[in-house]
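A.B. asks: Quick one: structure below, then a few questions.
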Amino acid sequence: MAKVAELLAVLLLFWEHYYSVPCFSEFTRDDFPADFVFGAGTSAFQYEGAWVDDGKSPSIWDTFTHEGWAGINNPDTASDGYHKYKGDIKLMSDTGLEAYRLSISWPRLLPKGRGPVNPKGIGYYNNVINELIKHGIQPHVTLHHLDVPQVLQDEYGGWLSPKIIDDFKELADVCFKEFGDRVSHWTTINQPNINSLASFDYGFFPPQRCSYPYGVNFTGSSTNCTGGNSTVEPYITVHNYILAHSAAVELYRKNYQIKQKGQIGINIYTMWFKPLTNSTEDAMATKRARDFLLGWILNPILFGDYPEIIKKNAGSRLPSFSYSESQKVKGSFDFIGINYYFAFYVADDPSIPKTGLRDYNSDMFAKFTAFKDAPPVRRIIPPSRPINDFESLWKLLNYLKKTYKNPPIFVHENGYGLGVVDTINEINDVGRITFLSGFIGSVLDSIRDGIDVRGYFIWTFVDGYELISGYSSRFGLYHVNFEDSEHERTPKLSAHWYHNFLRKGALIKMKNNGTYWARAHRSE
């Protein structure tokens with residue numbers, strides 16, 4: 001690693017010299033509010049490993065990956081965070097993290113999905129939370145990040161059944177009771193909107209439920225469905241997600257919040273949509289897309305019901321809230337967490353039949369493309385390369401302020417994945433620094449516009465198991481050697497950059513072409 005360190009030093013000196021040109025915008029950590037938090041995150045399934053250690057039972061993702069999905073290596077060990085959390089938290093402290101976003105493994109805490117609590121699972125999360133607090137790092141805890149216990153999937157179909165609402169509430173109760181004296185930021189569920197589509201419409205996430213002709217994989221080609229009905233199941237599962245969320249919030253507010261003085265919210269996957277052309281039709285399609293992706297979750301939580309366009313286009317396929325449910329769902333948040341990576345162009349799609357069966361995507365009557373020169377398709381497929389459209393996050397946050405009464409917001413995920421070429425090229429991740437710097441600048445612009453943004457988390461702190469690409473795509477600030485039994489951590493250039501920004505007051509500047517970069521000094 002000595003050669004890597006030498007190369008880092010040369011690159012950082014080059015940055016110091018080259019990025020001394022005049023610019024018209026610059027900021028430091030001190031330009032953000034004093035109570036704004038900067039952090040990074042991971043999720044239990046993608047980070048911990050130890051998939052059956054100390055009483056943990058399998059999740060649906062363990063089962064799925066063991067079946068050899070797409071030929072990707074399984075995550076049995078992942079980043080080995082279950083055994084290496086102390087060293088990682090020391091790295092977090094050294095880097096300057098003010099907060100760390102983690103998730104609870106449901107099958108580690110409740111191996112049967114409900115009932116007896118696993119004491120070793122409780123012990124692990126107590127140790128992690130205590131270690132974070134010892135280093136002055138806020139724990140931001142997500143109760144559920146994809147990993148449904150396989151036993152609940154086998155028993156009643158997981159999120160397809162309203163039975164999961166009570167089981168999720170039990171999970172929440174255990175977490176509030178055991179950890180709530182030290183955790184002041186709770187997120188109930190991670191991105192239920194995209195999870196429902198990926199698992200119950202497209203069918204490329206477990207339990208791979210979909211129906212012809214709607215099931216697709218991330219390349220847009222057809223995938224194998226293991227049963228399901230794409231026309232109704234995404235709507236059913238989101239409905240259950242929302243009711244489970246509101247049940248957990250009600251429990252927290254009734255039994256814990258006054259004493260523990262914490263906050264609770266939900267996380268959604270977001271994108272910014274913009275019309276492909278200046279036609280009225282594309283503008284209307286763009287509005288529909290925003291209502292479907294964002295309003296699907298936010299409208300019930302803010303206003304007590306789904307957007308009118310979803311009710312109109314989905315019709316009887318969309319479950320409805322009773323009056324009592326609507327009242328409980330409405331206002332069931334103290335903050336909203338968003339995951340943000342890219343923007344899409346939207347075009348109207350008049351070829352979709354106005355009658356007959358449709359799935360969620362067809363109900364939008366729209367097509368999407370990440371690049372204006374690429375043909376739009378009916379599925380929202382993540383772009384093959386990162387998009388440095390920094391203004392798009394600012395536009396999204398302004399839209400949320402205007403449409404949803406300026407709710408408190410945490411940017412829970414924002415990150416840049418790099419394919420593995422070789423260790424040195426992956427560690428010198430200049431492109432990631434430009435990407436992250438630009439979106440941090442967009443967040444600051446939003447705060448200056450009066451938007452209530454309270455925190456920003458990089459995805460991820462260390463390289464982990466990525467849901468679509470396994471170990472072949474790296475999002476971490478720290479490189480993990482997955483080929484080595486010790487899973488050695490090596491700081492990437494971005495880790496030094498984040499440290500310099502958070503701890504040393506380094507500038508982030510905006511050049512005349514609208515790109516951001518950070519003046520870097522080698523970390524001591």
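A.B. asks: For residues that are crowded, with 17+ Cβ neighbours inside 10 Å and either free of Cβ contacts under 8 Å to residues at least 40 places away in the same chain or of a type in the set (Val, Ile, Thr) (or both), tally how many sit in region 326-340.
C.D. replies: The total comes to 4.
A.B. asks: Taking the conditions exactly as written (over 22 Å from the mean Cα position of the chain (by Cα), charged (D, E, K, R), over 17 Å from ARG253 (Cα atoms) and assigned to a helix (DSSP H, G or I)), does LYS328 satisfy them or not?
C.D. replies: Here the answer is no, as LYS328 does not meet what is asked.
The rows are residues; the columns are (1) of a type in the set (Phe, Trp, Tyr); (2) within 25 Å of PRO213 (Cα to Cα); (3) at pLDDT 95 or above.
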| residue | (1), (2), (3) |
| --- | --- |
| ILE236 | no, yes, yes |
| TYR256 | yes, no, yes |
| SER322 | no, no, yes |
| GLN327 | no, no, yes |
| ASN339 | no, no, yes |
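A.B. asks: Can you say whether ASP429 is of a type in the set (Asp, Glu), surrounded by fewer than 24 Cβ atoms within 10 Å (Cβ to Cβ) and within 23 Å of ASP30 (Cβ to Cβ), as far as the supplied structure shows?
C.D. replies: It is false that ASP429 is of a type in the set (Asp, Glu), surrounded by fewer than 24 Cβ atoms within 10 Å (Cβ to Cβ) and within 23 Å of ASP30 (Cβ to Cβ).
A.B. asks: Of everything in region 289-309, what is under 15 Å from GLN191 (Cα atoms) and aromatic (Phe, Trp, Tyr)? Give them in sequence order.
C.D. replies: PHE292, TRP296
A.B. asks: Among the residues of region 211-225, is there at least one that is crowded, with 24+ Cβ neighbours inside 10 Å and either closer than 18 Å to ILE310 by Cβ or not hydrophobic (A, V, I, L, M, F, W, C) (or both)?
C.D. replies: Yes, that holds for at least one residue.
A.B. asks: Identify, please: which residue in region 343-361 is in contact (Cβ under 8 Å) with a residue 40 or more places away in the chain and assigned to a loop (DSSP other than H, G, I, E, B) and is, among those, nearest to CYS210 (Cα to Cα)?
C.D. replies: Within region 343-361, the match that is nearest to CYS210 (Cα to Cα) is ASP359.
A.B. asks: Before we move on, is ASP94 in contact (Cβ under 8 Å) with a residue 60 or more places away in the chain and either surrounded by fewer than 21 Cβ atoms within 10 Å (Cβ to Cβ) or touching a Gly at 6+ places or on another chain (Cβ under 7 Å) (or both)?
C.D. replies: Yes.
A.B. asks: Of all residues in region 399-419, which are surrounded by fewer than 17 Cβ atoms within 10 Å (Cβ to Cβ) and not β-branched (Val, Ile, Thr)?
C.D. replies: The answer is TYR399, LYS402, LYS405, ASN406, PRO408, GLY419.
A.B. asks: Let me ask something additional. Which of the residues belonging to region 80-116 are within 20 Å of VAL148 (Cα to Cα), under 21 Å from the mean Cα position of the chain (by Cα) and small (Gly, Ala, Ser)?
C.D. replies: Correct list: GLY81, SER103, SER105.
A.B. asks: Which of the helices (runs of 4 or more DSSP H) found entirely inside region 96-165 contain at least 2 residues meeting this: out of contact with any Leu (no Cβ under 8 Å at 6 or more places or on another chain) and of a type in the set (A, V, I, L, M, F, W, C)?
C.D. replies: 119-134, 150-156
A.B. asks: Looking for something surrounded by 15 or more Cβ atoms within 10 Å (Cβ to Cβ), in contact (Cβ under 8 Å) with a residue 24 or more places away in the chain and touching an Asp or Glu at 6+ places or on another chain (Cβ under 7 Å) - is there at least one such residue anywhere in region 368-375?
C.D. replies: The answer is no; no qualifying residue exists.
A.B. asks: Right, another one. Can you run down the residue pairs with Cβ atoms below 9 Å, 6 or more apart or on separate chains, where the first is in region 250-275 and of a type in the set (Ser, Thr, Tyr) and the partner is in a strand (DSSP E or B) and surrounded by fewer than 20 Cβ atoms within 10 Å (Cβ to Cβ)?
C.D. replies: none
A.B. asks: Please go through region 119-158 and pick out each residue that is among the small types (Gly, Ala, Ser) and buried (at least 22 other Cβ atoms within 10 Å of the Cβ).
C.D. replies: GLY121, GLY158
A.B. asks: Select the helices (runs of 4 or more DSSP H) contained entirely in region 408-519, then report the ones holding at least 3 residues which are modelled with pLDDT under 90 and on the phi > 0 side of the Ramachandran plot.
C.D. replies: none
The values are calculated or read from the model by the stated rules, or taken from the named source; none is laboratory data. All values reported here derive from a predicted model rather than from experimental measurement. Ideal geometry is used to build each Cβ from the backbone, glycine not excepted, and the neighbour counts take in all protein chains shown.
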